[in-house]
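Report on the following structure.
The values are calculated or read from the model by the stated rules, or taken from the named source; none is laboratory data. Model, not experiment: these values are computed from the prediction. All Cβ positions, glycine included, derive from the backbone under ideal geometry; neighbour counts span all protein chains shown.
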Amino acid sequence: MVKFMPENPLFVLGQFPTYSETFIYRELILLVKHFSNARIVVLKKNRYVLPNPDFACLEQYIVFKQDGFLRHLPRVIFLIIVNPLKTLKYLLMIFSLYFPQKDLLVYIRDFFYFLHIGLYCRENGITHIHACQANYPAACALTIMMFFGFSFTFSAHANDLYTDLASLKYKISKTGGVICCSKNNLHYLSQTYPEQAHKIICIYHGLAAAEENPYLNRRKNTEDLKESTKKNQAALSLLAVGRMVPKKGFTALIDLAQLLCSQKTAFHLDIIGGGPEEKILKQLIREKNLEDYITLHGQYSYSRVKDFYAGADFLLVPSLAMKNLDSDQIPNVILEAFRYGVIVIANNTGAIHEAVINRKTGFLVKSNFIREASSIINNRKNSTMYQAIRHHASALIAEKFNIHKNINHFIQVLEKK
């Protein structure tokens, strides 16, 4: 395994800011505090508002791939000219991995950007590169390693792990280590690439340990919550949070709401998030006359979302296992719900079972989400069991998903202690 010198690491991030990578931003805040000379390169700059104002502190460490590119371009071209064998090796690699996929043209174009980032590393005393995702960021780190000799590691999560399978084996063979966010991913990679299993470890994402459990003072305290529940103040508050993409399974929530209505259950469902399926959900809500029972709120910052957690009775996580192997591992919303004492009802997909232990830290649905979720919601009178679930879920964060403990492990891996 490559010997690391991570005193001045560079973290390669896919995009910033975005709602889908907040769990990575939380970790980066702690990592840049530990590695005082660390830098972050962002490969795609978004125009979104920061999902959490706490992430603003990262901006002082960030450079974007376009920054200074034109200034470096003559040197990049010179680097290519004087390194014909390395250039040929790179081109042969991407042709063998991506031809005839459209990604081939992307990697030919971004070859120049990757070398530009490599020059930035050399000029700024970077000693190690960690790619925060297994797809595009890891490809960037791999290219820089090929031309400049920097050691690199990368993290593997969900979508990034299963959507670039063509190059994954090659990246693992060249990296010094792979950090997975679940045992499910660890087992998948170790079984698929057994000769590289010694490089692969699991370090969970997490949340900061709270001094006081927020659910002890749970209350509805925003205008949005008042608006969504004013039709029936005694109604159960159901919540779903996430991107509106197929693997989240949010269309099942519409059928669940229709079933609860037929069972005369008093409830209101708040769905927070945005994405390509938002129009489909709006149409289904209209077609089934559920406007009085479901509110789509769009994307909110975490400071607003946590108020919904504070007022919710159940968090619904109907995630699906997709045909392309992409599925949720451990959605961060589950951990956030644990923090606020919200009872989680989740489909047993991906690595969700590593957090949601059935009837201990939540309810894990193994067959029909709509039928089983409605049964759980309508049989909620066992207050002793629910209090025990909240206690065990809170304890699980402290034991298994404590971000400070897990980041210390992350740092030890980089430092090879």
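Observations
- Selection within segment 285-297 - touching a residue at least 12 places away in the same chain (Cβ under 8 Å) and farther than 17 Å from Arg243 by Cβ: Ile285, Lys288, Leu290, Asp292, Tyr293, Ile294, Thr295
- Test: Tyr120 is among the hydroxyl-bearing types (Ser, Thr, Tyr) and either within 15 Å of Pro74 (Cα to Cα) or not assigned by TED's automatic domain parsing to the domain that holds Leu168 (or both): yes
- All conditions in (1) at pLDDT below 90; (2) within 27 Å of Asn52 (Cβ to Cβ); (3) within 24 Å of the chain's Cα centre (by Cα) hold for Arg219, with the sole exception of (3).
Yes/no per residue for (1) over 17 Å from the mean Cα position of the chain (by Cα); (2) assigned to a loop (DSSP other than H, G, I, E, B); (3) not aliphatic (A, V, I, L, M):
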{"residue": "Thr265", "(1), (2), (3)": "yes, yes, yes"}
{"residue": "Gly274", "(1), (2), (3)": "no, yes, yes"}
{"residue": "Ile330", "(1), (2), (3)": "no, yes, no"}
{"residue": "Glu336", "(1), (2), (3)": "no, no, yes"}
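- Test for Leu186: is it among the hydrophobic types (A, V, I, L, M, F, W, C), at pLDDT 50 or above, within 21 Å of Ile334 (Cβ to Cβ) and part of a helix (DSSP H, G or I): yes
- None of Pro51, Pro84 is crowded, with 20+ Cβ neighbours inside 10 Å and either closer than 30 Å to Ala197 by Cα or not assigned by TED's automatic domain parsing to the domain that holds Ser301 (or both) except Pro51.
- Verdict on Asp255 being among the acidic types (Asp, Glu), in a helix (DSSP H, G or I) and modelled with pLDDT of 95 or more: yes
- Which numbered condition Ala388 misses (of (1) outside any helix (DSSP H, G or I); (2) within 28 Å of Phe267 (Cα to Cα)): (1)
- When Ile200 is tested against (1) surrounded by 16 or more Cβ atoms within 10 Å (Cβ to Cβ); (2) modelled with pLDDT under 95, exactly one condition is not met: (2).
- In the set Asp160, Asp103, Asp164, only one residue is farther than 27 Å from Arg26 by Cα and either buried (at least 17 other Cβ atoms within 10 Å of the Cβ) or at pLDDT 95 or above (or both); that residue is Asp103.
- Any hit, segment 30-42, residues being out of contact with any Asp or Glu (no Cβ under 9 Å at 6 or more places or on another chain), polar (S, T, N, Q) and in contact (Cβ under 8 Å) with a residue 60 or more places away in the chain: no
- Residue count, segment 53-100 (criterion: over 29 Å from the mean Cα position of the chain (by Cα) and either hydroxyl-bearing (Ser, Thr, Tyr) or under 21 Å from Ile24 (Cβ atoms) (or both)): 3
- Restricting segment 363-388 to residues that are in contact with a Phe, Trp or Tyr (Cβ under 8 Å, 6 or more places away or on another chain) and of a type outside the set (A, V, I, L, M) leaves a set whose member that is farthest from Ser262 (Cα to Cα) is Arg380.
- Verdict on Ile345 being without any contact (Cβ under 8 Å) to a residue 40 or more places away in the chain, touching a Leu at 6+ places or on another chain (Cβ under 6 Å) and not in a loop (DSSP other than H, G, I, E, B): yes
- Taking the criterion of being over 26 Å from Gly274 (Cβ atoms) and either surrounded by fewer than 18 Cβ atoms within 10 Å (Cβ to Cβ) or out of contact with any strand residue (DSSP E or B) (no Cβ under 8 Å at 6 or more places or on another chain) (or both), the residues of segment 6-24 that qualify are Glu7, Asn8.
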